[in-house]
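Here's the structure we're looking at; comments come further down.
The values are calculated or read from the model by the stated rules, or taken from the named source; none is laboratory data. Please read all numbers here as calculations on a predicted model, not as lab measurements. So basically every Cβ, Gly included, is an ideal-geometry build from the backbone, and we count neighbours across all protein chains shown. For accessibility, only protein heavy atoms count, side chains too; no ligands or nucleic acids. Shrake-Rupley method; radii C 1.70, N 1.55, O 1.52, S 1.80 Å.
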Amino acid sequence: MIRILLALSKIPGIADAFIKKNVSVFNSNNTDEIINYLVKINDKITKELVSEHLEWADRVIQRCQDLDIHILPIYHTEYPSKLRELSNPPAVLYLRGNMSLLNKDIISLIGTRKSTTLANNIANKVGAHFSINNALCNGLVDGIDRHSVENGDTVFRNTIGILSGGLNFHHTSSKITSELAEKVLKEDGLLISEVEPDRKEDQFSGSKASRIQAGLSSALILIQSSIDGGSKYTIKAFSKLNRIVGYISFTGNKEYDSDINFSANRTFDMLGLEGVAKMCDVKKNTSICIKKLIPIHSLQDYDIIINELKKKDDNSSFLFY
């Protein structure tokens, strides 16, 4: 069935949301039955197109075997349940490394690539604390991503890197991402992508991959960002999932109070959840759903996030329309 799913991904106009809506069809063990059903409900799909892309699918599968990459389709029982809560979860995940990390509470640490020394130091302390019992998650790019997972010459254990390019990262990713990805694997971490192994990252893949960070994570912590920074893509996806958002709040510090790269944090301080809505550029017909917004002033506030993660899920949330 994975061959069909991969072939579908090559057909223009067949999006992840369509696959999620019709995922039950893959419960069938009859290939012809699956194809016939899909052809019937979507005129963009034809038997000829599926057949045309099966050869490509076979090459991808073989390439994954060569590189020790695991392919995890959305219909599989091991596919992360939290990720399925997205409106458009990836139809296929490519994984390399320690997949047991998906069983931990995952915390996404995000922020600007133009991070300051102050923010880098904060990011490293936050990463060191939460990596002990939780899994860390981010895009392994320069700035906050890098400093939140780096541990001297290596990286913290329990790190999950979400790559915007394929998992043959020496050929698909930037130098910094490639170096960090190598360290993640050496420390028994996990790499995840939604694209085939040899596909290079591009100007659009980073913002698209940010929804995977959001979907996998039980909590998200914003270290440093401007109000219009790239972190908004991850926060926007995350803020629809009724989960915990933390952010660094260092009011009274000269740099924090004035630097544009902390303007998103300051907006959260001033406006609370309305500040999140502002960063996400929410429209009138869009809702923000966050379980709890937690300003992080000191080490003690880390425990608030940990305690919230220990609570059973409930229906409490904040909504803006």
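Brief remarks on what is shown
- Test: residue in the range 223-230 that is buried (at least 19 other Cβ atoms within 10 Å of the Cβ) and either in contact with a His (Cβ under 7 Å, 6 or more places away or on another chain) or assigned to a helix (DSSP H, G or I) (or both): no
- Residue 267 meets all of the listed conditions (1) crowded, with 18+ Cβ neighbours inside 10 Å; (2) in contact with a strand residue (DSSP E or B) (Cβ under 7 Å, 6 or more places away or on another chain) but one, namely (2).
- Taking residues in the range 26-40 that are closer than 16 Å to residue 91 by Cβ, and partners anywhere that are modelled with pLDDT under 90 and of a type outside the set (Lys, Arg), the pairs with Cβ atoms closer than 6 Å and at least 6 places apart or on different chains are 26/1; 34/28.
- Within the range 42-60, the presence of at least one residue that is surrounded by 13 or more Cβ atoms within 10 Å (Cβ to Cβ), among the small types (Gly, Ala, Ser) and not in a loop (DSSP other than H, G, I, E, B) is confirmed.
- Verdict on residue 32 being assigned to a helix (DSSP H, G or I), at pLDDT 95 or above and more than 26 Å from the chain's Cα centre (by Cα): no
- Residue count for the range 92-111 satisfying the condition of being under 17 Å from residue 214 (Cβ atoms) and either surrounded by fewer than 16 Cβ atoms within 10 Å (Cβ to Cβ) or in contact with a helix residue (DSSP H, G or I) (Cβ under 6 Å, 6 or more places away or on another chain) (or both): 8.
- Conditions (1) more than 21 Å from residue 107 (Cα to Cα); (2) in a helix (DSSP H, G or I); (3) polar (S, T, N, Q); number of the one not met by residue 234: (1)
- When residues of the range 146-185 are limited to those that are open to solvent by less than 10 Å² (accessible area, probe 1.4 Å) and assigned to a helix (DSSP H, G or I), the one nearest to residue 202 (Cα to Cα): 172
- Criterion violated by residue 287 - all others in (1) surrounded by fewer than 19 Cβ atoms within 10 Å (Cβ to Cβ); (2) touching a Ser or Thr at 6+ places or on another chain (Cβ under 6 Å); (3) modelled with pLDDT under 95 satisfied: (2)
- Members of the range 114-139 that are out of contact with any Lys or Arg (no Cβ under 7 Å at 6 or more places or on another chain), outside any helix (DSSP H, G or I) and within 20 Å of residue 104 (Cα to Cα): 132, 133, 136, 137, 138, 139
Rundown of residues vs (1) touching a Ser or Thr at 6+ places or on another chain (Cβ under 7 Å); (2) more than 30 Å from residue 270 (Cα to Cα), yes/no style:
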{"position": "154", "(1), (2)": "no, yes"}
{"position": "167", "(1), (2)": "yes, yes"}
{"position": "175", "(1), (2)": "no, yes"}
{"position": "198", "(1), (2)": "yes, yes"}
{"position": "207", "(1), (2)": "no, no"}
{"position": "214", "(1), (2)": "yes, no"}
{"position": "224", "(1), (2)": "yes, no"}
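- Filtered residue count, the range 203-220, keeping only those that are over 18 Å from residue 289 (Cβ atoms) and either buried (at least 24 other Cβ atoms within 10 Å of the Cβ) or in contact (Cβ under 8 Å) with a residue 12 or more places away in the chain (or both): 6
- Test result for residue 79, in a loop (DSSP other than H, G, I, E, B), at pLDDT 95 or above and aromatic (Phe, Trp, Tyr): yes
- Of residues in the range 233-250 being touching a residue at least 40 places away in the same chain (Cβ under 8 Å) and open to solvent by 60 Å² or more (accessible area, probe 1.4 Å), the one nearest to the chain's Cα centre (by Cα): 236
- The condition of being at pLDDT 95 or above, over 18 Å from the mean Cα position of the chain (by Cα) and among the hydrophobic types (A, V, I, L, M, F, W, C) holds for only one of 277, 214, 264, 219, that being 264.
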